[in-house]
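For reference, the structure discussed in these notes is given below.
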Amino acid sequence: MSLATQMLIAERYGTLLDLKAIGEVLGYEQGTIENMIYADKFPIPVSKRGKSWVAHYQDVAEYVDGFRRKVA
């Protein structure tokens, strides 16, 4: 995974991204992400923090970089 991708995501969103932030990075609506989580089809590890779902910035960066390699 690219250090540049990690830095960009961490700088803009912090270390834990909520579903809104994940949606901004991936281009998905928050509801779409929630549906994918409940269907066990969301490709990024998420966990509950209080009432919210969150993902670690490194996991999001790893997915973005992996997706980029698949497309290239």
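Being surrounded by 14 or more Cβ atoms within 10 Å (Cβ to Cβ), touching a helix residue (DSSP H, G or I) at 6+ places or on another chain (Cβ under 9 Å) and assigned to a helix (DSSP H, G or I) is the filter here, so list the residues in the range 52-72 that pass it.
Passing the criteria: Y57, Q58, V60, A61, E62, Y63, V64, D65.
Scanning the range 22-40 for residues that are exposed (fewer than 14 other Cβ atoms within 10 Å of the Cβ), in a loop (DSSP other than H, G, I, E, B) and either touching a His at 6+ places or on another chain (Cβ under 6 Å) or at negative phi (or both) gives E29, A39.
Can D65 be described as of a type in the set (D, E) and touching a residue at least 40 places away in the same chain (Cβ under 8 Å)? Don't jump to the end; show me each part of the working.
On the way: of a type in the set (D, E): yes; touching a residue at least 40 places away in the same chain (Cβ under 8 Å): yes.
So D65 passes the test.
Laboratory data are not the source of any read-out in this text; all were calculated from the coordinates shown. Only a predicted model underlies this, so the values are computations on that prediction, with no experimental measurement involved. A quick note on method: Cβ atoms are made from the backbone with ideal geometry, for glycine too, and the neighbour counts reach across all protein chains shown.
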